[in-house]
Each structure stands twice: as structure tokens, then as C-alpha cells.
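This report refers to the structure that appears directly beneath it.
The values are calculated or read from the model by the stated rules, or taken from the named source; none is laboratory data. Since this is a predicted model, take the numbers as computed values, not measurements. Neighbour counts run over all protein chains shown; Cβ positions are idealised from the backbone, glycine included.
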Amino acid sequence: MTVIAPQSSAAVTRGTGRADAPGGPGSARAARLRRRIGDNLQAYAFLAAGLLCFALFSWYPLVKGIILSFQQDNFVTDPIWVGMDNYTAVLDDPLFATAWLNTLEFTGLALLFGFAVPFVLALVINEFRHAKGFFRFAVYLPVMLPPIVSVLLWQYFYDPGNGLFNALLSGVGLPTSDWNQSPKMAMVSLVLVSTWSNMGGATIMYLAGLAGIPGELYEAAELDGATVWQRVRHVTFPQMRFIMLVLLLLQIVATMQVFIEPFQLTGTTNPETITVMVLIYRYAFTINHDFGMAAAMSVLLFIVLGAFSALYLRLTRKAD
Amino acid sequence: MSSLTRSLISDADLRRGRGRLIYRLVLGAMAVAFVLAFIFPLYWMVTGAMKTPIELAQPSPTLWPTEWHPETYLEAWRRLEIGRYLANTAFYALGGWLIQLIVDVAAAYALSKLRPILGNVVLGGMLASLMLPAAALLVPAYLTVAEVPIFGGNLLNTPWALWLPGAANAFNIYVLKRFFDQIPNDLLDSAGIDGAGRLRLLWHIILPLSRPVLAVVSIFAIIGSWKDFLWPLLVLQEAESQTISVALSRLASTGRVTNNEMFAGLAIASIPMVVIFMVFQRSILNGLSAGALKG
């Protein structure tokens with residue numbers, strides 16, 4: 001703020017000083033022009049810090065990422081242009097397909113749980129006449145925890161030897177599992193903890209949407225003899241379509257960037273759970289430090305996610 | 001819209017014989033399920049810290065510690081240096097919040113009320129960044145922070161590596177600008193005649209009117225930086241500079257931390273967020289709901 005103040009006061013005095021200058025209509029126009037320039041300078045003084053942060057840490061990295069994906073750079077000598085080499089190297093990596101398939105599997109499973117469960121929960125909670133505050137509080141509590149806390153806590157729950165889950169399962173006579181340490185259950189384990197820690201947000205948003213449905217619609221449907229299920233199908237769903245679509249897109253974009261669950265629970269080298277983000281991390285931040293390959297993979301991820309993001313932005317801006 | 005407030009099932013249906021019984025059963029079952037699913041894990045974490053490592057290693061977990069060792073919290077605080085990481089995290093969160101607020105409020109004010117030429121282009125450029133998934137920028141953003149263009153310098157392992165990229169928050173600017181847009185210009189013009197400078201208009205008229213939106217932006221900024229993991233993991237590699245999340249992840253992988261101390265660390269890392277949630281529950285949940293309705 002201290003940087004801005006002197007500059008803006010200077011602009012003000014410059015503007016008014018000229019307006020007082022003697023002369024005909026020509027100088028009045030000049031005075032208006034100067035005043036305009038002064039106003040713009042002031043406005044950009046307020047914008048300067050924001051512009052700088054965006055330029056340095058958002059716009060520049062975007063361009064740099066694209067350039068980097070066509071370069072080989074060891075950060076000692078000058079970077080070399082390598083054309084599509086990084087892309088072909090990424091595509092030739094046997095882990096490429098693994099990472100994308102794992103990511104799709106995670107996203108699919110996460111939607112299966114994370115999309116349906118919050119909606120059903122919200123639908124039921126919205127009918128409660130008691131303790132609504134408690135339900136809202138409880139479901140959102142895990143969202144408040146640092147994600148690493150949730151993941152490490154569940155790591156203890158999953159422990160095949162002394163974990164809570166296997167104790168409960170064997171207690172009621174069900175088969176136990178090695179959870180995140182078993183190839184078969186690893187991905188499911190990641191999805192479970194991810195859903196537990198994130199579904200509160202969607203539930204709260206669905207509750208907001210449900211509360212906004214006009215009561216007349218249900219009243220009219222009931223008078224027409226619609227059963228509860230018919231009311232859900234013909235009143236609730238159409239009314240909630242927009243918010244469900246928005247949350248679906250948001251969830252796809254978020255889950256495709258999954259990182260912390262595989263990073264902590266199954267490790268970055270486990271072929272069962274290597275996701276796109278884990279692979280980017282491996283390229284850039286483990287032994288090889290191949291930033292070019294990491295950048296190429298990032299560009300591919302960006303193209304896929306960008307499509308969903310653009311769709312989301314179009315939907316929400318149209319709604320404004 | 002009339003004042004008819006009802007939902008899917010009418011009050012009358014829920015009060016009648018069978019409906020009432022079903023309602024009670026569903027309500028009770030959901031309450032139990034929610035306590036087990038969302039509250040019990042936290043109980044497990046807090047009491048797990050007070051069990052001995054031997055008790056924790058037993059194949060059959062105990063619901064209630066056989067021996068209570070609350071001193072584990074102190075040991076974890078001392079031995080794992082939890083205090084240092086907690087202080088780091090709080091410092092990063094508060095500093096980041098302050099910088100975000102100053103930078104984004106100034107930018108939103110300029111775009112909403114001062115409306116310079118090319119203002120819409122700037123806003124468009126900022127909003128376009130919302131389309132960029134954080135993941136896609138990770139590597140180039142890391143390299144940028146390691147060597148800042150034009151200005152030079154390496155921000156790795158310094159708070160600025162979190163604060164400056166955090167200030168480029170298009171969502172904040174968008175929310176603030178939309179709120180400022182609703183403040184009538186007449187209000188500013190009448191004050192402007194008295195010769196109040198732009199900065200004073202912002203400080204004395206806009207900001208006092210914007211308290212609700214500033215509160216929501218602030219709470220979410222602090223929660224966001226407390227929960228952040230991947231970016232701090234990359235830019236804070238020196239142990240002394242790490243946030244509690246990154247430090248816990250590193251400590252968990254060393255295998256030199258006993259289970260009860262780890263539980264204590266997890267609980268301590270969660271307490272500030274749980275307290276914030278209890279105090280600001282209404283703002284947080286309503287802010288989220290408002291976001292959902294506006295998209």
C-alpha cells in the first residue's frame with residue numbers, strides 16, 4: 001500500500017494542475033485527456049501488485065511450461081530445442097498408459113461414491129426436521145482436516161495387522177483385506193479415504209440447492225397423486241440438474257489431479273496406483289529431474305482438464 | 001415466491017403413525033452413522049495418542065485406552081518439533097492471507113470502480129487462470145519460483161514461494177469485484193467531491209461495506225493454506241521451513257516415529273482447523289452454499 005500512495009497523489013495533482021491552466025477549448029480537451037491518463041495511471045497503480053503476481057506466477061509459467069515441453073534443459077547449460085522428443089518419450093513410457101488408466105479408474109470410482117452418496121445424503125438430511133445443524137457439521141468436519149491427516153489416519157485404519165477395519169471385519173465374521181497394501185484393493189482404498197475427506201463439500205452444496213426448490217412444486221405434485229419417488233424424479237432432479245452438472249465437472253477436474261492419496265498411502269512407485277500427477281512428480285522431482293518430460297505430460301493433462309474447465313466456466317457464466 | 005416452505009415429504013406425512021415411526025428410525029440411524037463415520041475417527045486419533053505403542057500394535061484395537069498417557073502430546077511436541085512446524089504453518093497462513101487480501105482487494109477495486117482502459121482484458125486474463133488446473137502449472141511454476149524472471153532470486157524454502165503465487169487468486173478477485181460492483185457509484189462520487197483520494201474511498205467507504213465478503217474470503221484463504229500439501233511439499237524442502245502437513249508426511253515415511261506420537265501429531269495439526277470450523281461454522285457453510293447457488 002505504501003508504494004501506491006505517493007504515486008496516486010502525484011497523479012491527482014498533475015491532473016488538476018493542468019485543468020487550471022489558461023487557454024481555449026483545445027487546452028480544455030488536453031486537460032480532459034490528462035485527467036483521463038491520470039485516472040488510468042491511478043487505476044493501474046492499484047492493479048500493479050495483482051498484475052505482477054499473475055504475470056509471474058500464472059501467465060509466465062503457462063508459457064514456460066509449453067516451451068519447456070519442447071526443450072531439454074538441465075539448468076546448467078542453455079536449453080536445447082528437441083522438437084517432439086519429450087512427447088514421444090512420454091508416450092513411449094510404459095507407465096504412460098498405466099498412469100492414465102489408473103487416473104481414469106480413480107476418477108470413475110470416486111464419482112461412483114463421491115457423486116451419488118452426497119446427493120442421497122443431502123436428500124435425506126433435507127427431510128429432517130431435527131438436528132440438521134449436526135448433520136451439516138459432521139459431514140463437513142473431514143473437509144476441514146489437512147488432507148495429510150486424513151490419509152495418515154486412514155493408513156492406521158487400513159493396517160492389515162492391527163488396523164481398525166480388519167478388526168471390525170473379522171469381528172463380524174467377514175473376510176479381511178490388506179487394503180492399500182494389496183494390489184487388488186489399493187485403488188479402492190485410495191478412493192475411500194478421498195471420498196470420506198471430500199464429500200462434505202458436495203453434500204453442503206446439494207443441501208443449499210435442495211433448500212431452494214419452491215415448496216409449491218412438491219405440493220402440486222403431491223396433489224396430483226405423485227409418490228415420493230415420482231416427486232424426486234419429476235421435481236427434485238430437474239430442479240437440481242444444473243448444480244449436479246456443475247459439481248460433476250468440478251469433481252472430474254479435481255479427482256483427475258489426485259496426488260496426495262497415492263503419494264502417501266501406496267507410494268510413487270506402485271504400478272497399481274501411479275496416477276498422472278504421480279508420474280509428473282516422478283519425472284520432475286525424483287532421480288532424473290527430467291523437467292521436459294514432466295512439462296510434456298503436464299501439457300497433455302492440461303488439454304484434457306482444460307476441456308472440462310472450459311465447459312464448467314461456460315455453464316456457470318451463462319447462469320449469471 | 002410464496003411463503004410455502006416444505007420439502008419432498010410434507011410435515012403432515014411425517015407426523016402420522018407409520019410415517020412418524022419411519023422418520024424416527026431413519027433419523028436415528030443416520031445420526032449413529034454420522035457419529036461413527038465422521039466423529040469417531042477423530043476420537044480414535046485423539047485417544048490413540050494416549051495409548052502405549054504396545055497397545056496400538058496389538059491385533060485387536062481397544063476402544064478405550066487401557067492406560068492413559070496424555071504426556072505423549074508433550075513428547076511429540078518436543079521430539080517431533082511439532083511446535084516449530086505449527087508456527088511455520090500459522091505464519092505462512094497469516095502472511096499469505098494478509099498479502100492475498102491487500103493485492104486482491106486493490107485489484108478488484110481498480111477493476112470494479114476505477115475501470116481503467118483494458119481493464120476487461122486484465123480481468124479476462126485473470127479469470128482464464130481459473131481454467132488452468134493447478135496440476136498443469138506445477139512444474140513450470142516450481143521452476144519460476146526457483147528463479148524468478150526479471151527480478152531474479154530464488155524463493156525456494158522462503159515464505160514468498162507460498163505467498164506470491166497465492167496472491168494470484170482469480171477467484172478472490174472475481175468474488176470481491178462482484179461485491180464491489182453492487183456498491184452504488186453515487187456513494188463514492190459524493191465522497192469524491194469532498195476530495196477524498198482513491199485510497200481513502202477504498203478504506204473508508206468500500207471496505208467497511210464489504211465486511212461480509214472480506215470475512216468469507218479471509219476464512220477460505222486461511223483454510224486453503226492450512227490444507228495445502230503438494231505445493232509446499234515442492235517448494236519447502238528444507239526441514240526447518242516445512243509446514244506441519246509436509247513435516248508429518250516426511251516423519252511418517254522415516255519410520256522413526258512411534259504410532260502414538262504420530263497420532264498426537266495428527267491431532268495437533270487438526271486442532272486449529274477444527275476450532276476455526278466450530279467458531280466460523282455458519283460463515284463457512286453459508287459461504288459454500290452461496291457459492292453453490294451462484295455457481
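A few remarks follow.
- Residue in the stretch A:129-147 that is away from chain B (no Cβ under 11 Å), buried (at least 21 other Cβ atoms within 10 Å of the Cβ) and at pLDDT 90 or above present: no
- Scanning the stretch B:128-152 for residues that are at pLDDT 90 or above and more than 16 Å from A:Ala295 (Cβ to Cβ) turns up just one, B:Val148.
- Some residue of the stretch A:70-83 being within 24 Å of the chain's Cα centre (by Cα) and either more than 7 Å from chain B (Cβ to nearest Cβ) or modelled with pLDDT under 95 (or both): no
- Wholly enclosed helices (runs of 4 or more DSSP H) of the stretch A:65-182 bearing at least 1 residues within 24 Å of B:Met278 (Cα to Cα): A:94-127, A:132-144, A:147-158
- Residue match in the stretch A:80-97 (condition: farther than 27 Å from A:His289 by Cα and surrounded by 16 or more Cβ atoms within 10 Å (Cβ to Cβ)): no
- Filtered by the rule that a residue be in a loop (DSSP other than H, G, I, E, B), under 16 Å from B:Glu261 (Cβ atoms) and touching an Asp or Glu at 6+ places or on another chain (Cβ under 8 Å), the stretch B:49-66 gives B:Ala49, B:Lys51, B:Thr52, B:Pro65.
- The condition of being assigned to a helix (DSSP H, G or I) and not assigned by TED's automatic domain parsing to the domain that holds B:Ala136 holds for only one of B:Phe220, B:Phe277, that being B:Phe277.
- Residues that are over 26 Å from A:Ala211 (Cβ atoms), surrounded by 14 or more Cβ atoms within 10 Å (Cβ to Cβ) and either free of Cβ contacts under 8 Å to residues at least 24 places away in the same chain or more than 9 Å from every other protein chain (Cβ to nearest Cβ) (or both), drawn from the stretch B:263-295: B:Ala264, B:Ile268, B:Pro272
- In the stretch A:159-177, the count of residues that are crowded, with 22+ Cβ neighbours inside 10 Å and closer than 20 Å to A:Phe259 by Cα is zero.
- Residue in the stretch A:47-55 that is without any contact (Cβ under 8 Å) to a residue 40 or more places away in the chain and touching an Asp or Glu at 6+ places or on another chain (Cβ under 7 Å) present: yes
- Within the stretch B:245-269, restricting attention to residues that are in a helix (DSSP H, G or I) and touching a Pro at 6+ places or on another chain (Cβ under 7 Å), the residue that is farthest from B:Gly48 (Cα to Cα) is B:Val246.
- Looking only at the stretch A:222-250, and only at residues there that are more than 29 Å from the chain's Cα centre (by Cα) and crowded, with 17+ Cβ neighbours inside 10 Å, the one that is nearest to A:Leu313 (Cα to Cα): A:Val235
- Options A:Leu190, A:Leu207: the member that is touching a residue at least 60 places away in the same chain (Cβ under 8 Å), hydrophobic (A, V, I, L, M, F, W, C) and within 8 Å of chain B (Cβ to nearest Cβ): A:Leu207
- Residue in the stretch B:55-66 that is facing another protein chain (nearest Cβ under 10 Å), crowded, with 17+ Cβ neighbours inside 10 Å and over 17 Å from A:Gly163 (Cα atoms) present: no
- Cβ-Cβ distances below 6 Å connect the following pairs, each with a first residue in the stretch B:123-150 that is under 21 Å from A:Tyr281 (Cα atoms), a second residue that is outside any helix (DSSP H, G or I), and a separation of six or more residues or different chains: B:Pro133/A:Gln257; B:Ala135/A:Gln257; B:Val145/B:Leu155; B:Ala146/B:Asn154; B:Ala146/B:Leu156.
- Given (1) in contact with a Lys or Arg (Cβ under 8 Å, 6 or more places away or on another chain); (2) at pLDDT 95 or above, number of the condition A:Leu51 does not satisfy: (1)
- Subset of the stretch B:139-163 (residues that are in contact with a Leu (Cβ under 7 Å, 6 or more places away or on another chain), within 7 Å of chain A (Cβ to nearest Cβ) and of a type in the set (A, V, I, L, M)): B:Val148
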